[in-house]
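The values are calculated or read from the model by the stated rules, or taken from the named source; none is laboratory data. The model shown is predicted, which means the values in this text are computed figures rather than measured ones. As a convention, Cβ positions derive from the backbone with ideal geometry for all residues, glycine included, and neighbour counts pool all protein chains shown. Areas reflect the complete protein model, heavy atoms only, side chains present, ligands, DNA and RNA absent. Shrake-Rupley method; radii C 1.70, N 1.55, O 1.52, S 1.80 Å.
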Amino acid sequence: MMRHLGKFGAGLLFGGLIAYACTTDTVIGPDVVIDSLYIEPGNSVIFLNDSVHLNAIGVDTAGRRFVYTLVTWSSSDPAVSVQTNGTTVGTSIGAATVSASAGNLSATAVVTVEPHPVLSTSLDSVPFNTIANAPVPATQIVVLTNGGGGTLAPTIDSVSYGPGASSWLVAALSGPASDTLALHVLTTALAVGS
């Protein structure tokens, strides 16, 4: 009997400690007093009609940081509209300073809106004519350009093949901005009849 009372007493003590801890937590939320405010991310680049969500970060007197929702959002330019929850939308090409204000505190972030990139190539198609184990055809060069906004950062992930032979094409990027695509055929990778 005493053994059961000991477990009961330990459980009661443990439950009491949890309840006490829950009532003495530091206040974080609408009633907390903040000393400073900043916005994350501080600078953003988005494309026309795209959005980015900004967070106002409040810092209390102990230096703790948390998302602070009791702010008023505004934009310095109609190129960027801002919603009451901090979501910004690029409505036209340009840049705006987005502000979050709470009482006598304020913070700013810059949102820049660019046109979407438009990938252009110097060739629409690249034909190769060869047979298995024949002389290797000349390497074909395709120049990639951006006819729109933003910055292209081309990468080669993989080459996809249709039915038949595979692994016969080598693709490599070069040039000052990785803007030159070289396509090289490996005739040794072609099986007879493929």
**Prompt:** Which one is most open to solvent (accessible area, probe 1.4 Å) among residues in region 165-186 that are at pLDDT below 75 and of a type outside the set (A, V, I, L, M, F, W, C)?
**Reply:** Pro176
**Asked** In this structure, is Ile131 at pLDDT 85 or above, open to solvent by 60 Å² or more (accessible area, probe 1.4 Å) and out of contact with any Pro (no Cβ under 8 Å at 6 or more places or on another chain)?
**Response** no
**Request:** Select the strands (runs of 3 or more DSSP E) contained entirely in region 84-194, then report the ones holding at least 3 residues which are under 30 Å from Glu40 (Cβ atoms).
**Result:** 87-90, 94-102, 105-114
**Fill in**
For Tyr161, the lone unmet condition from (1) aromatic (Phe, Trp, Tyr); (2) open to solvent by 60 Å² or more (accessible area, probe 1.4 Å); (3) more than 34 Å from the chain's Cα centre (by Cα) is (3)
**Message:** Consider region 92-119. How many of its residues are open to solvent by 70 Å² or more (accessible area, probe 1.4 Å) and touching a residue at least 40 places away in the same chain (Cβ under 8 Å)?
**Reply:** 4
**Asked** Of all residues in region 53-72, which are open to solvent by less than 30 Å² (accessible area, probe 1.4 Å) and in a strand (DSSP E or B)?
**Response** Ala56, Ile57, Gly58, Val59, Asp60, Phe66
